[in-house]
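One structure is given below, encoded as structure tokens.
Since every read-out is calculated from the coordinates, none of them should be taken as a lab result. All of these numbers come straight from a predicted model, not from anything done at the bench. Heads up, the Cβs are rebuilt from the backbone with ideal geometry, glycines too, and the neighbour counts pull from every protein chain shown.
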Amino acid sequence: MSAFLHIEDLSVHFPVRKGLLQRQVAEVRAVEQVTLSLNRGEAFGLVGESGCGKTTLARTVLKLVDPTSGTIWFDGQNVSALKGTSLAPYRKKVAAIFQDPFSSLNPRMTSGQILSEVLHVHRYEGNIMDRVTELLSLCGLAPRFADLYPHEMSGGQRQRVGIARALALEPELIVCDEAVSALDVSIQAQIINLLEELRAKFGLTYLFIGHDLSVVRHLCDRLAVMYLGRIMETGTSEEIFSNPRHPYTKALIDAVPAPDPVGEDFKEHVSLAGEIPSPLDPPPGCVFHTRCPLAMEQCRSAVPPLERLGCAHTAACFALKQTANTTRTGAQSQTSTNI
């Protein structure tokens, strides 16, 4: 299956300026040489700690932020350099669901006006009020919600309006930026079920940004683990959760509360020391080496490439390669001894 969305060597840097003349004194390296591919119709998760660059990557895909370098290919078209009116067709095909449904909706407009605005801007040719009613119904809301303001609805209802807005122009890709993290757990389940139903009904592709690994595991087919602007590991959700290879991925999974606390006492945990380095001054070599329990001298000077571990499993870690070589050498020695 060819890639529907392909991100190639993408970097996003933000200048830091000071003084009266606003001279650039540094830059924040929010995203650094990221390469990812999404297939049509799949849900792809992007996870990592706060500040790792997930949202910046999402905003770059949405063309809300310009990349410093690299390219974004959407359905075979290079959309990295699109600007102005040439962006209009892309805007119709890509939509977003934001984290906080209260701040992402205009408090001075009813939900009907919010949905109508999207249709007016993109010159929808059908009956706008009929379309608004249809969108509300798709997201489990009665027609009366068209007359309600955001403050008159619950958090889950507001997020349903946000989802309806994302569906307004029949997009092919929806970027979900922490779409359920601001909701109560019981409401989260409802919204996740709604996202799954819409994906099955319309063949949508999701780029799902999140930090709740249980949600990502349930919703996503594949995922990538991000740390300080770089991709640490990629693979299918089942493979990564059942067999995490990168030390950072293991630490993230270990941090998820277990339903069996007794069993946790006998489980080997990966502990991380220190804090995440500043993206203003990332460490040389592997950006994770300052907190990694397996760090070697090579990790402090060279950037590990993403290497294939299986059919669809990759990780960027020199220690894994070293362990594999040691295991292979040991196996060869054992074979020679047996002979």
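Helix 128-138 and the longest principal axis of the C-alpha atoms of the chain enclose an angle of approximately 40°. Here the chain yields Rg over Rh of 1.02, to two decimals, using C-alpha coordinates and the Kirkwood radius. For the chain, the dipole from Cβ point charges (+1 on Lys and Arg, -1 on Asp and Glu) about the Cα centre works out to 900 debye, to the nearest 20.
Can you check what the Kirkwood hydrodynamic radius comes to for segment 47-177, Cα pairs only, in Å to one decimal?
Working: mean 1/r = 0.0631 Å⁻¹.
Hydrodynamic radius (Kirkwood, Cα pairs) of segment 47-177 is 15.8 Å.
Excluding the sites themselves, what is the longest stretch of the chain that contains no trypsin sites (Lys or Arg not before Pro) in a DSSP loop with at most 13 other C-beta atoms within 10 Å? It would help to have the intermediate numbers written out before the result.
On the way: sites that count: Lys83, Arg108, Arg123, Lys267.
Within the chain, the longest run free of exposed trypsin sites (Lys or Arg not before Pro) spans 124-266.
For the chain, excluding the exposed loop sites themselves (GluC sites (Glu not before Pro), DSSP loop, at most 13 other Cβ atoms within 10 Å), the longest remaining stretch covers 126-267. Taking the alpha carbon gyration tensor of segment 110-172, multiplying each eigenvalue by 5 and rooting it gives semi-axes of 18, 12, 10 Å, largest first. Footprinting exposure proxy ranking of Met153, Met109, Met226, fewest other C-beta atoms within 10 angstrom first, gives Met109, Met153, Met226.
By DSSP, what percent of the beta bridges with both residues in the chain are antiparallel, rounded to the nearest 5? Spell out each step's value before the answer.
Values: 29 of 47 bridges.
The answer is about 60 percent antiparallel.
Checking the cross-link pairs Lys63/Lys321; Lys54/Lys92; Lys54/Lys250; Lys63/Lys250; Lys93/Lys201 against a 25 Å limit on the alpha carbon distance flags Lys63/Lys321; Lys63/Lys250 as lying beyond it. For Lys92 and Glu8, the FRET efficiency from 1/(1 + (r/R0)^6), where r spans their Cβ atoms and R0 equals 22 Å, is about 0.40. Along the axis of the charge dipole computed for the chain (Cβ charges of +1 for Lys and Arg, -1 for Asp and Glu, origin at the Cα centre), the listed residues Thr56, Ala43, Ala182 are led at the positive end by Thr56.
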